[in-house]
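The values are calculated or read from the model by the stated rules, or taken from the named source; none is laboratory data. Just so you know, these numbers come straight off a predicted model, no measurement behind them. Every residue, glycine as well, gets a Cβ built from its backbone with ideal geometry; the counts of neighbours run over all protein chains shown.
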Amino acid sequence: MNKIIKNILYLIFGEWNGVQNFVAPTVMLSMFDQHSFLNWITGVLTFQRFFLPLFVYIVVLFSVIFLCLKVLVQWNQFKADCRVSVIRDLILPFIIKLHKWLLAFLAVIMLVFIVKSGFTFTYRQSFPLFTVYYWILRVGAVALTLYIFTFMEFAIPIVKRNRSLSWAQIYFHKFILKHWKSVVPVLIVRLLWIYVSVLLFTLAIDQFQDLNDLGFFTTTGKPLELFCKNVHNIKQFLYNTVLLLGVFLFSNLLYSPIMFLVNKGLHHFKLTLKSI
């Protein structure tokens, strides 16, 4: 039973899983009925804006838990006998560092808002703020996820040898600067393979959606879709939010076979001391 749970966690949280939802977010959102989903999101951003802080808080909390589980899965993937506590020596230091990264992300968001306000006040010009935030979120989420995956792949063997996570991070950056001529090609190849895997996943989901639009998977001829509720109270808002986060995890589960196959081809491009 314990092995089954570990395998399920690996399928959902393993390796770089989750990146595909930010590289190609329309794939995940295609599972929803577009009309009900847009009504909900539009409401949260306009006349139901009082739900927005709660939505952001839930998403940030979910992100922290999601990334911690990814680190924990990576920890269990590396087989080594050690007396290091995974909570004390890995998860807690990681959460502290993660909050520093989130603080830096919020600083960027605030800087963009200040620049936008300055342009509007001084030059009477403006730019679509939500579009800029949308791209910052996508790029930042992909960069953070891939950085954590690559860093932990390098750092976990060091932590299991009774070194601190802070020491591993310092050594990781020094290692990259010292061996950058060998590291950069490894990282480029890995990024290309990951991008190809996302493209394959997108093509597979598009084929499924074409059949689904024709009603191929139902007896009524209607497509399979998830519907967001019209929000009149906090219960309906929480239902839609949990549904969105559930689709995020379900997308990870669908992507995991492609990730597993691509990862088999990337075992020669792992960033470790032996790879340089």
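Just a few scattered comments:
- Which listed residue is in contact (Cβ under 8 Å) with a residue 40 or more places away in the chain, outside any helix (DSSP H, G or I), surrounded by 12 or more Cβ atoms within 10 Å (Cβ to Cβ) and among the aliphatic types (A, V, I, L, M), from VAL231, VAL198: VAL231
- The range 116-142, subset hydrophobic (A, V, I, L, M, F, W, C) and exposed (fewer than 13 other Cβ atoms within 10 Å of the Cβ), residue nearest to GLN20 (Cα to Cα): VAL139
- Hey, LEU243 in contact with a helix residue (DSSP H, G or I) (Cβ under 8 Å, 6 or more places away or on another chain) and touching a residue at least 12 places away in the same chain (Cβ under 8 Å) or not: no
- Residue in the range 125-148 that is more than 23 Å from ALA104 (Cα to Cα), out of contact with any Phe, Trp or Tyr (no Cβ under 9 Å at 6 or more places or on another chain) and not in a helix (DSSP H, G or I) present: no
- Within the range 167-174, one or more residues are of a type in the set (Phe, Trp, Tyr), touching a residue at least 12 places away in the same chain (Cβ under 8 Å) and in a helix (DSSP H, G or I).
- PHE51 vs. criteria closer than 30 Å to LEU224 by Cβ and either aliphatic (A, V, I, L, M) or modelled with pLDDT of 85 or more (or both): yes
- Test for ARG88: is it assigned to a helix (DSSP H, G or I), exposed (fewer than 13 other Cβ atoms within 10 Å of the Cβ) and at pLDDT below 85: yes
- Restricting LEU254, LEU271 to residues that are outside any helix (DSSP H, G or I), out of contact with any Gly (no Cβ under 6 Å at 6 or more places or on another chain) and either modelled with pLDDT under 95 or closer than 20 Å to PRO185 by Cα (or both) narrows the list to LEU271.
- Looking only at residues in the range 183-214 that are within 20 Å of the chain's Cα centre (by Cα) and aromatic (Phe, Trp, Tyr), the one that is nearest to THR26 (Cα to Cα) is PHE201.
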